[in-house]
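*Asks:* Before I ask anything, let me first share the structure, which is written out below as structure tokens.
Derivation of every value follows stated rules applied to the coordinates shown; laboratory data play no part. Being a predicted model, the structure only gives us computed values, none of them experimental. Please note: Cβ atoms are built from the backbone with ideal geometry, for glycine as well, and neighbour counts cover all protein chains shown.
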């Protein structure tokens with residue numbers, strides 16, 4: 001192709017390539033200084049032309065980025081934030097992992113600004129004040145000071161960072177509930193697409209859109225039984241079952257109440273009171289997902305280029321797949337294979353081959369079978385439960 005000025009038409013934004021710009025500047029230099037001017041790759045004049053061409057091309061790329069920022073499908077970063085604001089959406093910030101910990105010590109001891117840590121060196125803040133009970137223990141929820149999906153297995157949180165008189169020990173009997181990283185552009189685009197269903201005449205679509213807009217909301221599923229009989233999922237007749245991760249319980253209940261439809265019942269083990277415009281108190285039911293930890297063993301054959309970093313990348317890829325699973329979706333053995341293989345930097349020139357993948361609910365016998373996940377459960381990954389054997 002030859003150089004042309006950037007332009008916009010019905011097909012979008014058009015701009016010349018870097019080489020088109022270089023060729024045009026070379027031709028212009030020859031017209032000005034004569035055809036016999038030396039413009040070989042090793043000449044200073046050609047190098048200067050290359051510098052000018054790069055600057056011009058960078059400017060065109062900036063113009064292209066500005067044009068693409070007009071659409072949620074192509075906008076990036078802050079430009080995407082500005083566009084989705086039209087739909088009343090804000091990018092979800094990172095959230096922090098939480099974990100129930102048991103504090104032991106002298107009864108009545110008051111702990112101010114207490115901090116504990118886990119075996120991986122992450123610090124967790126205790127609610128303040130924390131008061132040890134009359135039996136010498138108290139169970140509270142500790143919040144990780146580092147945002148994102150920080151995991152802690154039972155017994156991992158065992159160190160007192162801020163010692164205080166009367167406080168003897170700390171431990172966690174249960175695994176931590178992982179936080180989430182900052183919402184990515186692709187995730188925000190998907191949520192923006194869902195949000196356009198808010199004025200939908202279909203109540204379920206409207207409910208889904210409303211739930212997606214709740215601050216701090218994570219994954220969620222909405223199941224509907226529109227029949228006159230209890231269905232196979234034990235949902236009562238003419239009712240909905242919402243399984244919702246994150247978000248304030250009152251916000252979740254308010255959205256369900258506003259969007260569930262007239263005469264529609266709700267189902268679940270979490271009950272929240274909502275007062276309507278007539279002062280009538282209504283009980284809204286929904287469920288919080290139960291986490292199912294998954295053990296995975298991946299056996300791989302080393303190929304040229306395999307390193308310890310490759311082994312770590314395989315584990316991280318499987319971990320990411322599990323923690324991005326949707327509520328009620330089984331863990332498929334083939335998907336675990338795919339997640340492991342995605343760690344190959346160049347699929348056409350792999351550094352390893354997967355020879356076998358087995359998995360099971362944590363503590364159970366692993367096999368190659370798919371792992372069923374109940375409708376109110378969600379799979380959860382833990383790097384401590386993912387083993388990569390390389391030979």
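*Asks:* How do 99, 264 line up, fewest other C-beta atoms within 10 Å first?
*Replies:* Fewest-to-most Cβ neighbours within 10 Å comes out as 264, 99.
*Asks:* Return the FRET efficiency for the residue pair residue 50, residue 348: r is the Cβ-Cβ distance, R0 is 30 Å, and the value is rounded to the nearest 0.05. Mind dumping the intermediate values first?
*Replies:* Numbers: r = 31 Å, r/R0 = 1.05.
With R0 = 30 Å, the Cβ-Cβ based efficiency is 0.45.
*Asks:* Okay, next question. Using a simple spin-label model with points 7 Å from Cα along the Cα→Cβ vector, what separation in nm is obtained for residue 269 and residue 85?
*Replies:* Once both label points are built, they end up 4.2 nm from each other.
*Asks:* Only one of the values (i) 17.6; (ii) 30.5; (iii) 21.6 was calculated from this structure for mean projected area of the Cα convex hull in nm²; name its label.
*Replies:* From the options (i) 17.6; (ii) 30.5; (iii) 21.6, the structure gives (ii).
*Asks:* Same structure, new question: Within segment 151-191, whose backbone N sits under 14 Å from a point 7 Å along Cα→Cβ of residue 362?
*Replies:* Only 151-157, 172-179 pass the distance filter.
*Asks:* How large is the helix-only mean residue ellipticity at 222 nm for the chain, computed as the sum of -39500 (n - 2.57) over DSSP H runs with n ≥ 4, divided by its residue count, in deg cm²/dmol to the nearest 500?
*Replies:* Calculated at 222 nm, the ellipticity per residue is -8500 deg cm²/dmol.
*Asks:* Which of these, 229, 44, 100, has the largest mean-square fluctuation under a Gaussian network model of the chain (Cα springs below 10 Å)?
*Replies:* The residue with the greatest mean-square fluctuation here is 44.
*Asks:* In nm, to one decimal, how far is the residue 276 label point from the residue 70 one, both placed 7 Å along Cα→Cβ?
*Replies:* 4.6 nm
*Asks:* Once you put a point 7 Å from the Cα of residue 374 and another 7 Å from the Cα of residue 139, both along the Cβ direction, what distance in nm separates them?
*Replies:* If labels sit at residue 374 and residue 139, their model points lie 1.9 nm apart.
*Asks:* For segment 291-390, what does the relative contact order come out to in percent, with C-alpha contacts under 8 Å and a separation of six or more? If you can, show how the numbers build up before the last one.
*Replies:* Working: 206 pairs, mean separation 51.7, N = 100.
Relative contact order here is 52 percent.
*Asks:* Further question: Quick one: grab the alpha carbon gyration tensor of segment 309-367, order the square roots of its eigenvalues as a ≥ b ≥ c, and give me rounded if a/c is under 1.5, else prolate or oblate depending on whether a/b is larger than b/c. Show your work: numbers first, answer last.
*Replies:* Numbers: a/c = 2.08, a/b = 1.66, b/c = 1.25.
Prolate, since a/c reaches 1.5 and a/b exceeds b/c.
*Asks:* Need one word for segment 197-286: rounded, prolate or oblate. Basis is the Cα gyration tensor (sqrt eigenvalues a ≥ b ≥ c); a/c below 1.5 gives rounded, then a/b vs b/c decides.
*Replies:* rounded
*Asks:* Could I ask something else about it? Please state the relative contact order of the chain as a whole percent: Cα pairs under 8 Å, 6+ residues apart? Each step should come with its number before you reach the end.
*Replies:* On the way: 758 pairs, mean separation 40.3, N = 391.
Relative CO of the chain lands at 10 percent.
*Asks:* For segment 1-110, what relative contact order do you get, as a whole percent, if you take Cα pairs closer than 8 Å and at least 6 residues apart?
*Replies:* 16 percent
*Asks:* Compute the angle between helix 203-212 and the longest alpha-carbon principal axis of the chain, please, reported from 0 to 90 degrees and rounded to the nearest 10.
*Replies:* So the inclination is approximately 80 degrees.
*Asks:* GNM on the chain, C-alpha springs below 10 Å: top fluctuator among 247, 88, 261?
*Replies:* Maximum fluctuation in the GNM of the chain, among the listed residues, is at 88.
*Asks:* I need 20, 58 ordered by Cβ neighbour count within 10 Å, fewest first. Could the numbers behind the result be given before it?
*Replies:* On the way: 20 16, 58 11.
Least crowded to most crowded, the residues run 58, 20.
*Asks:* Can you bin segment 96-171 into rounded, prolate or oblate? Criterion: square roots of the alpha carbon gyration tensor eigenvalues sorted a ≥ b ≥ c, rounded for a/c under 1.5, prolate for a/b above b/c, oblate for the rest.
*Replies:* prolate
*Asks:* With r as the distance between the Cβ atoms of residue 309 and residue 383 and R0 = 22 Å, compute the FRET efficiency 1/(1 + (r/R0)^6) and round to 0.05.
*Replies:* For R0 = 22 Å, the calculated efficiency reads 0.90.
*Asks:* Set the Förster distance to 30 Å, then compute FRET efficiency between residue 63 and residue 193 from the Cβ-Cβ distance, nearest 0.05. Spell out each step's value before the answer.
*Replies:* Numbers: r = 27 Å, r/R0 = 0.89.
For residue 63 and residue 193, the calculated efficiency is 0.65.
*Asks:* Now for a separate question. Can you give the extra length, in nm with one decimal, that the chain gains between residue 182 and residue 248 once fully stretched, where that is 0.36 nm per residue apart less the Cα-Cα distance?
*Replies:* Residue separation times 0.36 nm, minus the Cα-Cα distance, leaves 21.9 nm.
*Asks:* Fewest to most neighbouring Cβ within 10 Å: what's the order for 295, 248?
*Replies:* Final ranking by Cβ density, sparse to dense: 248, 295.
*Asks:* Report the extension gain between residue 33 and residue 230 in nm, rounded to one decimal, defined as 0.36 nm multiplied by the number of residues separating them, less their alpha carbon distance.
*Replies:* Taking 0.36 nm per residue and subtracting the Cα distance, the gain is 62.2 nm.
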